[in-house]
Amino acid sequence: MTGESELLRVEELSTRFPVQGGVIHAVEGVSFTQRSGETMGIVGESGCGKSTLARSILQLVRPSSGRVLFEGTDLVGLSARRMRALRRHLQIVFQDPMASLDPRFTIGRILEEPLVIHGFGSKATRRARVAAMLEQVGLDPTAASRYPHEFSGGQRQRIGIARAIMLEPRLVVLDEPVSALDVSIQAQILNLLADLRESLGLSYLFISHDLAVVRAICDRVAVMYLGRILEEAPTEQLFAQPAHPYTEALLSAVPQPEPGARRRRVVVSGEPPNPEHPPEGCPFHPRCPRAMPVCRREPPGMRALGDGRRVACHLHDPNLVDGSGQN
Amino acid sequence: MSLLEVRGLTVAFRSEGRFLRVVEAVDLDLEEGRILGLVGESGCGKSVTARSLMRLLPEPPARIEGGSIRFAGNDILALDEAAMRRLRGDRLAMIFQEPMTSLNPTWTVGFQIEEALKLHTDLPAAARRERSLELLRRVGIGAPERRLRQYPFELSGGLRQRVMIAMALACGPDLLIADEPTTALDVTVQAQILELLARLREELGMAILLITHDLGVVAEFCDEVAVMYAGRIVEHGRVADLFARPRHPYTNGLLASTPRLRGRRGRLPTIPGSVPPPDRRPPGCPFAPRCQRVLERCRSAMPGLAGDDGHLAACWNPVR
């Protein structure tokens, strides 16, 4: 563990896309801080903006406003030349490795490429590094002479991870890295990620729709809905005492492989609204079982709860709500 | 007698000039009004099994090599196409992961439901419309008059799945086959659809065969479960028994490697290796190369399903 130093600070980041007759607020006023060595989870349902947030942080899409401080340097508006130099420290792994591995190239060439681009070593040292990396991700070094289609989904994800960490980046964004994999393979990849984090001192920003997966690997978790973070907390606390009604509903909706241990289900009706026409006030209020009149009018600000949790919900405003949770 | 009785179902697919078995010697029983989960990882043969029951497999490349399927007194594999079509709309219905594959994008919701009613009932036009509205209400769709006039693309994923369920219910089937019906949906919407299916089972008394990869969905929704691995059923039992005391090492490993919302966090137990493709399945038990309880005989002879009190496992060395 590298410890306490701040690796990433995202401040009031917003990314909006113009569409016919309007604007989609894909990411809206997102702020969080990630320390070095920490695995930060971003969780939410489809369309909540979690993938756009990841791409906005890496400057793969251009944010509309806000700051992304990576080790103190604001990446938003950085010159192309300086961004290129920083890229080696900021890598991404995608859900579908097949879509990101060029089928015409051998694994050896795919893995060597980032080394070539960043002028790393001689051909012989690069080859040796590729072989060592293949072993590190649990593949045979002879894989270097084979092609992507010769590998299973789990093996291809190992290759995708190997490529991302070839240059020993400081931050690896993992965008649904195990969502396309079967359960038994998913567990293998999650353990591999944990091992690599340990041995290489990596920091992960882990994007997923799967709460149980996020719980297994993340130190802290932020829950997104309609482009905003509604709650952020250390993993144990988020799962034990969700502070936002949406988090609570999300957790209660996940079917668990424990018959009989069925919990009280918080049923939310409807589906997430169209991000082109987000509701006034709190984005979750139309589906919230505990919505109050104020929720329809005013978007709640992010509030620190004093135990490391932050939540954007009027229920936690002592001026509006007394201790019983009633207003 | 069971509503559905499958014995020794074996299905092969033609690939590069030879037939590869993807489903082998599958036995299934489903009583009226019960929910059976057929669970397994990709390529295990669960969807092929489901489509065989509906006779929806394209032949070729598929070929049913053996076994029998009896449903409500019908010998499914012996029926001609006309009789099968009648049965499909009438007593046997199926819904899929992606509703858009079974909804016609150029027809309104109302037209599609009424078409189904026209084919399978002798209701007059006005009664068909009334019944369509009733079906949409039954699956929890508000403002059904408006929905009848909409096209599938105008609906959200959850609403499309509800429309598909409404169509499947059009004639009050005895058995609904649901192939990963909530896999493409967000978790809050999945919970709504599973609750709807559970309610419909109560109200209509239909049986459901649920095909899924999700052990959580099985635990919360099904009465019984059959676990498939590499084309075979490796374990079968009541949900409470199988989850509490898995007997097959594959089921055991699968449950252990599933991340959870409660309990211990961190490193997950894993099953080493990966599922062998159909052309590289080993002789004997297909799980033997990955199994920590493997014995010498596992590599040469496939065990049959055995056990007591309805909890069966195909294993020479079951977990106790």
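The values are calculated or read from the model by the stated rules, or taken from the named source; none is laboratory data. Worth saying up front: this structure is predicted, and the values here are computed from it rather than measured. We place every Cβ from the backbone using ideal geometry, glycine too, and count neighbours over all the protein chains shown. In case anyone asks, the SASA skips ligands and DNA or RNA and just uses the protein heavy atoms, side chains included. Shrake-Rupley method; radii C 1.70, N 1.55, O 1.52, S 1.80 Å.
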Notebook entry, point to check: So how compact is chain B: Cα radius of gyration and Dmax in angstrom?
Noted result: 20.6, 68
Item checked: Estimated dipole of chain B in Debye, rounded to 20 [Cβ of Lys and Arg +1, of Asp and Glu -1, Cα centre] -> 920
Note to self: Using the crude model of +1 on Lys and Arg Cβ and -1 on Asp and Glu Cβ, and no other charge, please compute the dipole size for the range B:221-320 relative to its Cα centre, in debye to 20.
What the structure shows: 600
Check: Which angle between 0 and 90 degrees, to the nearest 10, do you get for helix A:123-136 versus the longest principal axis of chain A when only C-alpha atoms count?
Finding: 50
Next item on the list: Report the semi-axes of the equivalent ellipsoid for the range A:1-106 in whole Å, largest first, where each axis is √(5λ) for an eigenvalue λ of the Cα gyration tensor.
Entry: 22, 21, 16
Next item on the list: Using a cut-off of 14 Å between beta-carbons, work out the net charge of the residues near B:R245 (Lys and Arg +1, Asp and Glu -1, B:R245 not included).
Entry: -2
Next item on the list: Please work out the C-alpha center-to-center distance from the range B:5-57 to the range A:210-248 and express it in whole Å.
Entry: 39
Check: Taking all protein chains as present, what is the carbon and sulfur share of the accessible area of the range B:210-296, in % to the nearest whole number, probe 1.4 Å?
Finding: 50
Check: If you average 1/r over every pair of different alpha-carbon atoms in the range A:168-327 and take one over that average, what Kirkwood value in Å do you get?
Finding: 17.5
Checklist line | Solvent-accessible heavy-atom area per residue, rounded to whole Å², over the range B:86-160 at 1.4 Å | finding: 52
Check: Binned at 5 Å from 0, what are the whole-percent values of the Cα-Cα distance distribution for the range B:182-320, short to long?
Finding: 2, 9, 17, 19, 19, 15, 10, 6, 3, 0, 0
Notebook entry, point to check: Hey, rough spin-label estimate for B:R63 and B:D75, points 7 angstrom out along Cα→Cβ, what's it come to in nanometres?
Noted result: 2.1
Next item on the list: Compute the separation of the alpha-carbon centres of the range A:135-173 and the range B:222-293 and state it in Å as a whole number.
Entry: 26
Margin query: Please give the Cα centre distance for the range B:119-170 versus the range B:63-95, rounded to the nearest Å.
Written below: 25
Next item on the list: Calculate the tail of P(r) for chain A: the fraction of all Cα-Cα distances greater than 26 Å, expressed in %.
Entry: 51
Next item on the list: Calculate, for the range A:33-96, the solvent-accessible area per residue in square angstrom, rolling a 1.4 angstrom probe over the heavy atoms of the protein chains.
Entry: 42
Check: Short version: which residues of the range B:254-290 lose at least 40 Å² of accessible area, all chains versus chain alone, 1.4 Å probe?
Finding: B:P259, B:R260, B:L261, B:R262, B:R265, B:R267, B:L268, B:T270
Next item on the list: List the GluC sites (Glu not before Pro) within the range B:174-217 that fall in a DSSP loop (any state other than H, G, I, E or B) and whose Cβ has at most 15 other Cβ atoms within 10 Å.
Entry: none
Check: Taking K and R as +1 and D and E as -1, what net charge do the other residues with C-beta under 9 Å from the C-beta of A:S208 add up to?
Finding: -2
Next item on the list: Treating the Cα atoms of the range B:113-163 as identical point scatterers in vacuum, please give the log10 of the normalised Debye intensity I(q)/I(0) at q = 0.22, 0.25, 0.29, 0.31 Å⁻¹, two decimals.
Entry: -0.81, -0.98, -1.17, -1.24
Next item on the list: For the protein assembly as shown, build the charge dipole from Cβ charges (+1 Lys, Arg; -1 Asp, Glu) around the Cα centre, then report which of A:V294, A:P283, A:L320 sits farthest towards its positive end.
Entry: A:P283
Next item on the list: Starting from the Cα of B:A83, step 7 Å along the direction of its Cβ; do the same at A:A128; then give the gap between the two resulting points in nm.
Entry: 7.4
Next item on the list: Run the quick spin-label model on B:R265 and B:A127: label points 7 Å from Cα toward the beta carbon, then report their separation in nm to one decimal.
Entry: 6.0
Checklist line | Positive-pole candidate from B:G37, B:G67, B:V22, dipole of the range B:16-76, charges at beta carbon | finding: B:V22
Notebook entry, point to check: How far is helix B:125-138 tilted, in degrees, relative to the longest principal axis of the Cα atoms in chain B, given as a value from 0 to 90 rounded to the nearest 10?
Noted result: 50
Notebook entry, point to check: Near B:R320, within a Cβ-to-Cβ distance under 12 Å, what is the net charge of the other residues, with Lys and Arg +1 and Asp and Glu -1?
Noted result: +3
Margin query: Can you compute log10 of I(q)/I(0) for the protein assembly as shown with the Debye formula, treating each Cα as one identical point scatterer, at q = 0.06 Å⁻¹?
Written below: -0.37
Notebook entry, point to check: Charges only on Cβ, +1 for Lys and Arg, -1 for Asp and Glu: so what's the dipole of the range B:32-172 about the Cα centre, in debye to the nearest 20?
Noted result: 360
Notebook entry, point to check: List the trypsin sites (Lys or Arg not before Pro) in the range B:190-288 that DSSP assigns to loop (not H, G, I, E or B) and whose Cβ has at most 13 other Cβ atoms within 10 Å. Which are they?
Noted result: B:R264, B:R267
Notebook entry, point to check: Total Å² of accessible surface buried at the B-A contact, 1.4 Å probe, nearest 100?
Noted result: 3800
Next item on the list: Averaging sequence separations of C-alpha pairs under 8 Å and six or more residues apart, then dividing by the length of the range B:37-185, give the relative contact order as a whole percent.
Entry: 32
Checklist line | Degrees, to the nearest 10: B:81-90 long Cα axis against longest axis of chain B | finding: 80
Margin query: With a 1.4 Å probe and all protein chains left in place, how much of the accessible area of the range A:214-316 comes from carbon and sulfur atoms, in whole percent?
Written below: 49
Notebook entry, point to check: Considering only protein heavy atoms and a 1.4 Å probe, what is the carbon-and-sulfur percentage of the accessible area of the range B:149-206?
Noted result: 48
Check: By how many nm would the segment from A:T33 to A:T73 grow when fully extended, if each residue of separation counts as 0.36 nm and the alpha-carbon distance is taken off?
Finding: 13.0 nm
Item checked: Accessible area per residue in Å² at 1.4 Å probe, computed on the range A:192-274 -> 31
